[in-house]
Amino acid sequence: MSTTDEELLTRHEAADALRISIKVMDNWRTVGRGPKYLKLGGRVLYPRSELNVFKAACLRQGTSVPCSPTA
């Protein structure tokens, strides 16, 4: 799927997909910690593929390394 026809999620849909609150989602965006996003016409939208990249970067096998994806 190309970025031109990729499914875009609203802030609320993206937060639901990650099972976090909208407040956490907004905070992550503000500090640059969360998944990459688009800003189109004042709306914040998240490509589904970027949520998948973010989730994959958070996979870990132990507790010694925190989830801090740079993707």
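Some points to look at:
- Each Lys or Arg adds one and each Asp or Glu takes one away; over the other residues whose Cβ falls under 12 Å from the Cβ of L45, this sums to +2.
- Two-site FRET efficiency, S49 against K23, from Cβ-Cβ distance with R₀ of 22 Å, rounded to 0.05: 0.35
- If you take all other residues with their beta carbon under 10 Å from the beta carbon of E13, and give Lys and Arg +1 and Asp and Glu -1, the sum is 0.
- Net +/- balance of residues flanking A57 in space, Cβ distance below 13 Å, scoring K and R +1, D and E -1: +3
Every number here is computed from the coordinates shown, using simple stated rules; none is lab data. Being a predicted model, the structure only gives us computed values, none of them experimental. No Cβ is skipped: glycine too gets one built from the backbone with ideal geometry, and neighbour counts run over all protein chains shown.
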